[in-house]
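The values are calculated or read from the model by the stated rules, or taken from the named source; none is laboratory data. Just so it is clear, the structure is predicted and the values come from calculations on it, not from any experiment. In this analysis, Cβ positions are derived from the backbone assuming ideal geometry, glycine residues included, and neighbour counts consider all displayed protein chains. For the accessible areas, the whole protein counts, side chains as well, though only heavy atoms, and no ligand, DNA or RNA atoms are used. Shrake-Rupley method; radii C 1.70, N 1.55, O 1.52, S 1.80 Å.
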Amino acid sequence: MIKIQVEPNAVPEALQQTLNSIAENMGDRKNEVVDLLCDEQPAKSRQVDMSYVRCTWWEGCYYCQDEAKQWHRVKCFI
């Protein structure tokens with residue numbers, strides 16, 4: 001049996017490619033995400049600031065990309 005470890009907020013490959021395309025066409029929203037989380041989730045705000053290179057918005061969620069170029073869902077609004 002092969003075990004695959006998946007990070008809870010990592011996104012599927014198809015979405016990774018979509019987010020890459022969106023991020024290329026839109027400005028970085030990392031500061032916006034850090035500011036948004038600052039009051040309600042200060043620890044997560046610091047984590048985003050220190051752990052991710054850039055962030056973008058797609059279909060109600062903020063996603064941030066790490067140094068390995070993997071996107072992670074950070075915050076969604078339903």
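Probe of 1.4 angstrom, ligands and nucleic acids ignored: what's the accessible area per residue over the chain, in square angstrom?
Numbers: 5570 Å² over 78 residues.
Dividing the accessible area of the chain by its residue count gives 71 Å².
Treating only the Cβ of Lys, Arg, Asp and Glu as charged (+1, +1, -1, -1), what charge dipole size does the chain show about its Cα centre? Round to the nearest 20 debye.
Numbers: 9 positive and 12 negative charges, 40 e Å.
Dipole magnitude for the chain comes out near 180 debye.
Considering the alpha-carbon set of the chain alone, what are its Rg and its Dmax in angstrom?
12.7, 44
On the protein heavy atoms, probe 1.4 angstrom, tell me the percent of accessible surface of the chain carried by carbon and sulfur.
51 percent
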